[in-house]
Amino acid sequence: MKVKQVFTTYNTQEGKPLNNYRYCPSCGAECVVKEEGGRERSACCQCGFIHYKNPSPAVSILIIENDKILLGRRADASLKGGMWCLPCGFIEFDEDFLTAARREVEEETGLIADILSIISVMSNYLTPDLHTLVIVLLAQVVGGELCPGDDLDAVAWIALPGPLPEMAFEADEDIIARYFQARFKGAPVDSEFAIAEQKR
């Protein structure tokens, strides 16, 4: 199976232009549009702030147990509500990605997870306003009780190779299929931060 790590849900060449700040978030002065680094960006004439719009860093966690994969159904109010995905979420500014992964698993599924390895990194062009850079991690359950929470309204163990329920993200389908075919164990992670019990 061919490795794929860039997923696009819309034509990025025809999407609306990236939003620019009208007022500076640093000093409140009015911004102007100027070219910086070959792109048009919002810039503040008063304090020099330049708005660099970057992808949002996120984690997605593949949890396998007895040839079953853990999936969650996204709540109606969330992006792609009613569809299914791997446990996932954004990395907070003060978090490393391993801590973010454990937190997201616990918030969304009620389970405590140990992170085993990094199995991929993916770019997702989800909407013109939301591009993510996702670190995909392999994890195992070490505790907790299965219960949906946060952005999920249901969680379930699905037998591999499927069929899978209607999936929210093409990237999740791809990583599940590739894992099932190759059983790729991934690259090691920093054990000091990967083991949940050491941070509790």
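Brief remarks follow.
- The lone exception for Pro163 - which of (1) within 25 Å of Gly81 (Cβ to Cβ); (2) surrounded by fewer than 18 Cβ atoms within 10 Å (Cβ to Cβ); (3) in contact with a helix residue (DSSP H, G or I) (Cβ under 6 Å, 6 or more places away or on another chain) it fails: (3)
- Of residues in the stretch 47-92 being of a type in the set (Phe, Trp, Tyr) and either modelled with pLDDT of 95 or more or within 14 Å of the chain's Cα centre (by Cα) (or both), the one surrounded by the most Cβ atoms within 10 Å (Cβ to Cβ): Trp84
- Unmet requirement for Lys80, which otherwise passes all of (1) on the phi > 0 side of the Ramachandran plot; (2) without any contact (Cβ under 8 Å) to a residue 40 or more places away in the chain: (2)
- Any hit, the stretch 16-29, residues being closer than 20 Å to Thr127 by Cα and modelled with pLDDT of 90 or more: no
- Some residue of the stretch 24-46 being free of Cβ contacts under 8 Å to residues at least 40 places away in the same chain, part of a loop (DSSP other than H, G, I, E, B) and among the basic types (Lys, Arg): no
The values are calculated or read from the model by the stated rules, or taken from the named source; none is laboratory data. Bear in mind that the values here come from a model prediction, so they are computed numbers and not experimental data. Positions of Cβ are generated from backbone atoms using ideal geometry, with glycine treated the same way; all protein chains shown enter the neighbour counts.
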